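The values are calculated or read from the model by the stated rules, or taken from the named source; none is laboratory data. Note that the structure is a prediction, hence the values are computed from the model and not measured. Cβ placement follows ideal geometry from the backbone for every residue including glycine, while neighbour counts extend to all protein chains displayed.
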Amino acid sequence: MTATENGNGAAGGASNGSSNRAQTGGVHDLALASLAIHADDGFSIHRAVAPAMHVSTTYRYSRNPEDLIPMENIDPNAPADSHMYSRLSSPNISRLETLLTAILHGPSLTYSSGLSAFHAMIVHLNPRRVAIGEGYHGCHGVLKILTRLTGLEVLPLDCPASDLGPGDIIHVETPLNPTGEARDLEFYSRKAKEVGAYLTVDATFAPPPLQDPFLHGADIVMHSGTKYFGGHSDLLCGVLAVNPKRAAEEGWDSALLADRVFLGSVMGNFEGWLGLRSLRTLELRVERQSANATNLVAWLAAQVADESTTASKLVERVQHASLQKEASEKGSWLRKQMPRGFGPVFSIWLREEGDARALPSTLRLFHHATSLGGVESLIEWRAMTDATVDRRLLRVSVGVESWEDLRDDLNAGFEALLAKKKA
Ligand SMILES: *Cc1c(COP(=O)(O)O)cnc(C)c1O
């Protein structure tokens, strides 16, 4: 069976005008849960249901000299799955990109990490200025390098629109690290359009089905695929999805692909295979994690508001999109932007730095570790990895465990900590 026979042969997604086109035709009418299982059905010629893991870096050319076409290596048996060298394209990665293209609603490319995706995005758009807020500190690190190399200017996210010009970037992270609060994308989209700037969105904290930044004016959507796309704390990955209009009219996806060949920041073969394994359950995991987080946040906020509880003696406040005032306003930008629920990350502000340092060690179910998005719940005294953050802050990434067990674990931790302080 070839890709074409299976009805999924129409080329789409990241195309380099060559052989490794992502396959998305024929399944676009399916829902996310179905796409995540079937958008790549036509990709492999093999009958195996689970994807093969291809580890090769290089691919044989045809033995017939007449068939040799410079810069192409199309396998007549698998035109959709033809490759030359794995820095250009490879089976696991192209298949993963096929799936991402379908579920992110725009041609998608993968990178070796979230930060290499961010780097590739800035290199491609080559702005003179980037307006960016707080949030994930690593993106600021990338901009710092580029500032040193090119004189790129970094401006505050809420700088006057008149400080920006055509080709500049407004980069919005939403929901925001580490608080999990959301920002209004349409507001920034209008601001960008006003001056001919681009809107790029770091949507790592709200993967599908929680948010689609293209519906709110994003030109490029970036994800650290290390987080929810991977979902099992075992792979590094970055993703750029290009607004379909920018792809069709300006060829941004092809340009990004051409750049990536020389930046060399591709995912490893094994990681690509793990990514496919992971995306099958994306919606299941994310919906559960989102619901768990919202339940925990509601419980904790109520505890903090009640002076008789143990939690209120230790915790000053909780921050999460579900506690923003627009979360309870019908028709608000937040309800429109996140109609399926809020992100699975939130922050807890302890009253004292020492308590923030000590609480993670009292917990049984939350690992004390950085990162987020995995099936395991994590808590981090954020000062461990972010020098810019308040030292009383704990960041929580909620996993897929029972939320009641997580609640009881937190409560027991508060009690143990308070008992220890009194002793
Ligand atoms: C983790 C993260 C990144 C960086 O991704 P890596 O895969 O670690 O390079 C960027 N933005 C956000 C919001 C993140 O959480």
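Descriptive notes on the structure:
- Residue count for region 183-201, restricted to those that are in contact with a Gly (Cβ under 7 Å, 6 or more places away or on another chain) and within 12 Å of the ligand (Cβ to nearest atom): 0
- Single residue of region 192-220 satisfying the filter (in a helix (DSSP H, G or I) and surrounded by fewer than 20 Cβ atoms within 10 Å (Cβ to Cβ)) that is nearest to the chain's Cα centre (by Cα): Leu215
Condition check ((1) among the charged types (D, E, K, R); (2) closer than 19 Å to Gly231 by Cβ) across all residues:
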residue	(1), (2)
Ala321	no, no
Gln324	no, no
Gly331	no, no
Phe342	no, yes
Asp355	yes, no
Leu359	no, no
Thr362	no, no
Leu365	no, yes
Arg391	yes, no
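- Restricting region 341-369 to residues that are crowded, with 16+ Cβ neighbours inside 10 Å and out of contact with any strand residue (DSSP E or B) (no Cβ under 9 Å at 6 or more places or on another chain), the residue that is farthest from Trp299 (Cα to Cα): Thr362
- Strands (runs of 3 or more DSSP E) wholly inside region 322-423 that include at least 1 residues being small (Gly, Ala, Ser): 345-350, 393-397
- In region 305-317, the residue that is nearest to Arg340 (Cα to Cα) out of those that are more than 31 Å from the chain's Cα centre (by Cα) and surrounded by fewer than 19 Cβ atoms within 10 Å (Cβ to Cβ) is Ala305.
- Any chance Pro156 is away from the ligand (no atom under 14 Å from the Cβ) and either surrounded by fewer than 19 Cβ atoms within 10 Å (Cβ to Cβ) or in the same structural domain as Asp386 (by the TED database) (or both): yes
- Pair list, Cβ under 8 Å, 6 or more apart: region 127-155 residue farther than 19 Å from Pro178 by Cβ, other residue more than 15 Å from the ligand (Cβ to nearest atom) and hydroxyl-bearing (Ser, Thr, Tyr): Pro127/Tyr198; Glu153/Thr147; Val154/Thr147
- Checked against (1) in a helix (DSSP H, G or I); (2) away from the ligand (no atom under 16 Å from the Cβ), Ser89 meets all criteria but (1).
- Every condition in (1) buried (at least 24 other Cβ atoms within 10 Å of the Cβ); (2) more than 14 Å from the ligand (Cβ to nearest atom); (3) in contact (Cβ under 8 Å) with a residue 60 or more places away in the chain is met by Gly180 except one, and the failing one is (2).
- Among the conditions (1) small (Gly, Ala, Ser); (2) within 16 Å of His124 (Cα to Cα); (3) within 16 Å of the ligand (Cβ to nearest atom), the only one that Gly230 does not satisfy is (2).
- Scanning region 233-265 for residues that are part of a loop (DSSP other than H, G, I, E, B), farther than 20 Å from Pro344 by Cβ and within 14 Å of the ligand (Cβ to nearest atom) turns up just one, Ser265.
Every residue, every condition in (1) out of contact with any helix residue (DSSP H, G or I) (no Cβ under 9 Å at 6 or more places or on another chain); (2) modelled with pLDDT under 95; (3) under 30 Å from Ser90 (Cα atoms); (4) among the polar types (S, T, N, Q), yes or no:
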{"position": "Leu279", "(1), (2), (3), (4)": "no, no, yes, no"}
{"position": "Ala291", "(1), (2), (3), (4)": "no, no, no, no"}
{"position": "Asn295", "(1), (2), (3), (4)": "no, no, no, yes"}
{"position": "Ala311", "(1), (2), (3), (4)": "no, no, no, no"}
{"position": "Ala327", "(1), (2), (3), (4)": "no, no, no, no"}
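- For the condition among the small types (Gly, Ala, Ser), outside the structural domain of Asp390 (by the TED database) and in contact (Cβ under 8 Å) with a residue 60 or more places away in the chain, Gly196 does not qualify.
- The number of residues in region 337-357 being free of Cβ contacts under 8 Å to residues at least 40 places away in the same chain and not hydrophobic (A, V, I, L, M, F, W, C) comes to 4.
- Among the residues listed as Leu406, Leu372, the single one being within 21 Å of Leu284 (Cβ to Cβ), away from the ligand (no atom under 16 Å from the Cβ), surrounded by 16 or more Cβ atoms within 10 Å (Cβ to Cβ) and modelled with pLDDT of 95 or more: Leu406
- Qualifying residue in region 122-132 (condition: more than 16 Å from the ligand (Cβ to nearest atom), at pLDDT 95 or above and part of a helix (DSSP H, G or I)): yes
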